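The values are calculated or read from the model by the stated rules, or taken from the named source; none is laboratory data. All values derive from a computational prediction rather than experimental measurement. In this analysis, Cβ positions are derived from the backbone assuming ideal geometry, glycine residues included, and neighbour counts consider all displayed protein chains. Protein only, heavy atoms only, side chains kept; ligands, DNA and RNA dropped before computing areas. Shrake-Rupley method; radii C 1.70, N 1.55, O 1.52, S 1.80 Å.
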Amino acid sequence: MVVVSTCARLWVGITVFCVGVPDFVGIAAEVDQSKLPPAAQQAVDYEHDIKPIFENSCFRCHGPERPKSHFRLDNREAALKGGENDTDDIVPGKSASSKLIHYVARLVEDREMPPPGKGDPLSPAQIGLLRAWIDQGAKWPVQTRETVVSISPTVRWITVDGNERKFREDWWQKEGFTAGYERFEMRQPVGRDGTLAVEGRALFDQEDYRVALTLSAPDLGFVRGGYDAYRKYFNDLGGYYPPFNQPPPGLNRDLYLNNGKAWFDFGLTLPDWPKVTLGYEYQFKQGDKSTLQWGGIADDTGTVKNIYPGYKEIAEHTHIIKLDVTHEIRGYSLEDNFRAEFYDLKTVRVNGGDPIFPNPSDLTLHQESYNHFQAANAFRVEKQLRDWLLVSAGYLYTQLNGDGSFSQAFGSIASAFPTFTPGDSSDRISLNQRSHTVNLSAMLGPWDGFTVSTGAQADWTRREGMTDLLVGGFGATAPGAQTSNLDKTTLDENVGVRYTKIPFTVLYAEGRFQQEWDDHFEREFIDDFSDDNRDFTRDTDATSDLKEYRVGFTVSPWPRVSFEPSFRHREKQSDYNHRVDEDLSPDAMLSGNGYPAFIRGRDITSDQIEAKLVLRLLSWLKTTFKYQLVAADYNTTTDPAFFVTFTPDFNPTNIFFPGGEIRAGNQDAHVYSANVTLTPWRRLYLSTTFSYSQSRILSGVNNGTTVVPFRGDVYSVLSSANFVLSKSTDLHGSYSFSRADYRQHNEAEGLPLGIFYDRHAIMAGVTRRLLKNMTATLQYGFFYYNEPTSGGANNYRAHAVMASLNVALP
């Protein structure tokens, strides 16, 4: 049986708590081989084609370090022997009969590989390579206890005509000449059974590096370490407003973030002992990125539009200490994960222009800093109590203590001596949070075709925040303080049913339910040295109720046809009870109440219909068609409210809301997609995927009279081709196209928003095996981008020539 994990994540990319929430598990049925992707029509090399797939998707669980089910894929002898459950995982010459292919093609329930949460499913092309490799004898390189080295030097030349920064943002590549190593690898025997492995890449002019080292000894332990870094680019242009009759304003500077991490892990894998891993990881982001918090800019008539680009300076550093212990004893699977995180973030947001002083030389600066220490420990236990009953339980505790600060400054750099006026600031912002999470789940069945899964999870969080304020502006600064406390309790329930007794058919239904209770208190005091001190107090109780249902079936009455429709309904209702709502500031007295306390409820209802049809009418032709409809309605309930707002020239405008339920918005989307795979003869493989979506977002408050709808279309095409010209030469090519025309046509009332673009990319290349251990690849690429909504300022044409040589020794 398989348990799909529900994971609580405390920071990006680090899973610290996964408790088993059983998903549908059915009876292993005879595999319909007609649903398998076709084998690739080319000579397959293990080192070049197969090993990267195993490394990315399989070695995590089926490598040399305590492999799951005792099934190893790192050497031929162990792989052909099979694991403790199967002996025909790989049958040389018979890929259609090899269970490894059935599992990675996800045709066997509860044996999908990689399992959910452990990696992305393999693509049809990857499965086709695995099939061809097995059909060709599942050949591994001769594995001897000797040093093996593989290196792939590469050179690239990219030339761009047009917006170079936009090209970098789209393709994560910098124009010009690049030399380096696309991949290098070394495996060195150590002792009787140990192995030292080093692999990585180095593209010097692209600031793209990786080196990873692993020293392992079966049934003893391992040491792992490495460093990985890459650069992500951003465009520096702002918005385009045609009536200004000028190009979009730009910052005229390179914007990019350097992202990277370094790690070191030490593990023990002694037989019949708990597996213990102690590790350290350092993550960083450093550089500048663009933002959509654009500033104001004016034309000669004084018309102001917020189209001047902004950017943010980022310095983010994270240190993580981790300890993982897993063990199986008497049928119990035990797991404990501990994480300690030291996090530090400093940012500076720079926004040019201002609605009051519309000039690109006017600046608004926001400086922010934040750091925290967070500790978390998760424990999970799982047990197969009966043939028909699998249970699991888990507990997670987290504690976070954080501190921060911020400051604002407004000014002009038009003169030789820049001047700035201070805005709001705070030298002390504190945050303390602790939470408890408990999970229980069970898998029951199968009984005469029925399988039932159920799970429940409870979360409780207490958050306390406090800050000292210094409120600035165009007058004198005023001291103040603010506190905010939140108590949140959440309860989740899941239930699912699957029935497989109807011939050629699987029926399923599932439901998810969530209840949430929030108690939120906040208070702000500002002493402006007058009788009208600005005080603000709110005490709000909020509840929300979520119901989500999904039903569907899969039917395959003929081996070459399968049909899978499904329907999902989701409804979330939120209610807000403001026991205290006071805003005694002069501005609030003009408006009559504090925002957003007049909002009493919110309802979101969505429906989704999906249908997928797979046809394989000929052995060399497979087609897949898919349709998706998504519809969502947003409704808000309010109290009567009276507001006074001001136009840019400071004229007051009265706004009155009668209250009651209003339609806040509506969204509709239709998505169509099709995939065609052709293998008309063994030497040729063709694949094309086409998708088209049509969507609309409508504001329901005024029925589009002022906030007109966003609507438009998005198209995309992905095509690839491989042709085996001879035993030593392969031709390959790909084409991708995307087009979006998604806009809010509101030129008469304001700035038109949205985007309209066409993007093309063509790659063509040849790979030739020069010698037994030497392969060369030459590629050419053409890239084209056209964006009328930028007035042509983002357009580019680019050409790329890439050459690489792979050498394996001995």
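So here's what we get for this one:
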quantity	calculated
Portion, in percent, of the accessible area of region 370-506 that falls on carbon or sulfur, probe 1.4 Å	62
Dipole magnitude of the chain, debye to nearest 20 (Cβ charges: Lys/Arg +1, Asp/Glu -1, about Cα centre)	4200
Per residue solvent-accessible surface (Å²) - region 74-202, probe of 1.4 Å	50
Theoretical FRET efficiency, 1/(1+(r/R0)^6), r = Cβ-Cβ of His70 and Ala409, R0 51 Å, to 0.05	0.20
Rounded FRET efficiency, nearest 0.05, which uses the C-beta distance separating Asn371 from Asp193 and R0 of 56 Å	0.80
Mean residue ellipticity (222 nm) of the chain, computed from DSSP H runs ≥ 4 via -39,500 (n - 2.57), nearest 500	-1500 deg cm²/dmol
Which of Val104, Phe536, Ala798, positive extreme of dipole for the chain (C-beta unit charges)	Val104
Two-decimal Rg/Rh across region 337-415, once Rg and the Kirkwood Rh are taken from alpha-carbon atoms	1.43
For the chain, convex hull of alpha carbons as volume per residue, Å³	185
Dmax and Rg, reported as Rg then Dmax, of region 136-258 (C-alpha, Å)	22.2, 76
nm² value of the averaged projected area, convex hull over the Cα atoms of region 73-137	4.4
Length-normalised contact order for the chain - Cα pairs under 8 Å, 6+ apart - percent	8
Dipole in debye (nearest 20) - region 68-130, about Cα centre, beta carbon charges: Lys, Arg +1; Asp, Glu -1	120
Share of carbon and sulfur in the accessible heavy-atom surface of region 83-175 [1.4 Å probe, %]	52
Most positive-pole-ward Cα, Ser484, Ser719, Pro242, against dipole of the chain from beta carbon charges	Ser719
Cβ crowding within 10 Å averaged over residues, with 153-165, 294-306 ranked highest first	153-165, 294-306
Accessible surface, region 250-369, averaged per residue in Å² (probe 1.4 Å)	52
Of all accessible heavy-atom area on region 221-368, the percent that carbon and sulfur account for (1.4 Å)	55
Full-stretch length increase - Leu334, Asp535 - with 0.36 nm per residue and alpha-carbon distance subtracted	67.1 nm
Pairwise Cα inverse-distance average, inverted: Kirkwood Rh of region 193-267 (Å)	16.1
C-alpha long axis of helix 124-135 to longest principal axis of the chain, angle in °	10
Test item: Cα-centred dipole of region 158-279, Lys/Arg +1 and Asp/Glu -1 on Cβ, debye	180
Average projected area [Cα convex hull, region 686-810], square nanometres	11.0
Label-point gap, in nm, between Trp172 and Asp219 - each point 7 angstrom along Cα→Cβ	4.1
Binned Cα-Cα distance frequencies in region 391-518 - 10 Å width, integer %	10, 22, 18, 16, 13, 10, 7, 3, 0
Region 98-200: equivalent-ellipsoid semi-axes (sqrt of 5 x gyration tensor eigenvalues, Cα, Å)	34, 26, 14
Pairwise centroid distance, computed over Cα atoms, of region 318-360 with region 443-460, Å	32
Under 13 Å from the His799 label point (7 Å along Cα→beta-carbon), backbone N, region 154-177	157-161
Sum of side-chain charges, Pro248 neighbourhood, beta-carbon under 14 Å (Lys, Arg +1; Asp, Glu -1)	0
Options Ala202, Leu618, Pro309, ranked by Cα towards positive dipole end of the chain, top entry (Cβ charges)	Leu618
Relative contact order (percent, whole number), region 714-778, Cα cutoff 8 Å, 6+ residue spacing	30
Sites Gln608 and Asp387, calculated FRET efficiency, Cβ-Cβ separation with R0 35 Å, nearest 0.05	0.45
